[in-house]
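Nothing in this text is a laboratory measurement; each read-out follows from the coordinates by a stated rule. All figures in this text were calculated on a predicted structure; none of them were measured in a lab. Methodologically, a virtual Cβ is constructed for each residue, glycine included, from the backbone with ideal geometry; neighbour enumeration extends over all protein chains shown.
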Amino acid sequence: MYLIAIDLEYRVIIGISGMVILFASFIISFVISQRKKLQYHKDLHVLHDEQQRMLTEQNELLEKGVQQRTAELSKQKEELEKTISHLKLTQAQLVQAEKMASLGQLTAGIAHEIQNPLNFVNNFSEVSTELLDEMEEALKKDHKEEAITIATDLKDNLRKITHHGKRAEGIVKGMLRHTQTSAGKKELIRINALASEYLKITHYGVSLKDKTFTAVIETDFDESIGKIEVVPQDIGSVLLNLFNNAFYAVNEKKRQLNGSFQPTVTLTTRLNKSPATGEGETVAIIVRDNGFGISSKVVNKIFQPFFTTKPAGQGTGLGLSLSYDIIKAHGGELNVETKEGEYSSFEIILPI
Ligand SMILES: Nc1ncnc2c1ncn2[C@@H]1O[C@H](COP(=O)(O)OP(=O)(O)O)[C@@H](O)[C@H]1O
Ligand SMILES: [Mg+2]
């Protein structure tokens, strides 16, 4: 009722003022909001810059890390390569050592074999010189008959000298054959003779190194085995290693028991016939010793390269692994049978 009492003029003024106030407040709030927006964008920009800077920093750090790691890795790789080449060299040296050890033994054995024919040659030469003196005397005295008898004896002596000279030559040839490292060729060989020869040589080599060493050697050859085709020096080195291991085993047992123990090494050969045809199929060469045998814990490791239970300098652990490879290359088998504390028996099977 009071409003109605106000003049129209005032009412217009009041209305306009209200509108102005409303408009002004609208403008103010608009400006404020715009400024806020502006500030927000500014802040965002700063934040973005900051983030960008941090990212760059992190990138640089990462890059440095990667570079460092790469350098470390390539250094490690170099070191590994060095270690590998060193290992390869050591392995080659060990294989050579094993070969040289068996060669040394062979040489000792062969020297012993040569000594015998050489003694004959020397003795017969000396006797022949004396005979020539006697012949000279006889001729001076005109004892023709005597001179002729002496001449016959002389001829006989010279024949013996040639015979023993040839024997020595044969032994040297055999030795040279063994030292040749070129890939061995297969030859038709009397396996009994080869095995028996290597047994003698190894036994001699072992007793040369250890003067107190004695062992009973038993052999049982199957005479029905003829010649078979093998690489003689390869099979020889397998036999050498088996005999060596056997002699070592019995010697160790003897050293530890030093009582009534009788070291014995047995070499047996056998022709295995095919049940179907009755013909010889394979040849078995068995080397058995009554040493300490091999414990069940290690028996499946003995063919691994470098496995040895011998003290440093006495074994390379390569003998059986090389032997295994040689027998495999011949299409054969190398087997072991053992009872701890009692015996070991290695069997080579070769196809005919
Ligand atoms: N006749 C054996 N009696 C007992 N142990 C044996 C015999 N032969 C081989 N071994 C065992 O097998 C191992 C490996 O033999 P081998 O390869 O010939 O290497 P190495 O003779 O250099 O030790 C030997 O160290 C030994 O422990
Ligand atoms: Mg050995």
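Residue by residue, the range 293-300 carries 3J(HN,Hα) couplings of x, 10, 5, 5, 5, 10, 4, 7 Hz when phi is fed to the Karplus relation 6.51 cos²θ - 1.76 cosθ + 1.60 (θ = phi - 60°); x denotes Gly or Pro. Report the calculated FRET efficiency for Thr212 and Thr70 (r = Cβ-Cβ distance, R0 = 41 Å), to the nearest 0.05. Efficiency for this residue pair is about 0.05.
Please work out the ratio of the alpha-carbon Rg of the chain to 2.2 N^0.38 Å and round it to two decimals.
2.38
Once you sort the root eigenvalues of the Cα gyration tensor of the range 226-270 as a ≥ b ≥ c, which label holds: rounded (a/c under 1.5), prolate (a/b larger than b/c) or oblate (the other case)?
oblate
The GNM of the chain, with springs linking C-alpha atoms under 10 angstrom apart, assigns the highest mean-square fluctuation among Arg270, Arg159, Arg11 to Arg11.
Counting only lysines at least 8 places from Lys77 when in the same chain, those with an alpha carbon closer than 17 Å to its own are Lys88. For the pair the range 317-332 / the range 225-278, the C-alpha centres are spaced 15 Å from each other.
Looking at the range 186-262, which trypsin sites (Lys or Arg not before Pro) are in a loop (DSSP not H, G, I, E or B) and have at most 16 other Cβ atoms within 10 Å? Intermediate values should be presented prior to the final figure.
Numbers: sites: Lys186, Arg190, Lys200, Lys209, Lys211, Lys227, Lys253, Lys254, Arg255; in loops: Lys186, Lys211.
In loop regions of the range 186-262 (DSSP not H, G, I, E or B), the sparsely surrounded trypsin sites (Lys or Arg not before Pro) are Lys186, Lys211.
Loop-located GluC sites (Glu not before Pro) across the range 177-283 with a Cβ neighbour count of 14 or fewer within 10 Å are Glu223, Glu279, with loop assigned by DSSP. The ranking of Tyr343, Tyr248 from fewest to most other beta carbons within 10 Å of each one's beta carbon is Tyr248, Tyr343. Of all lysines in the structure, the ones whose alpha carbon falls short of 28 Å from that of Lys186, not counting any fewer than 8 places away in one chain, are Lys99, Lys166, Lys173, Lys200, Lys227, Lys273, Lys328.
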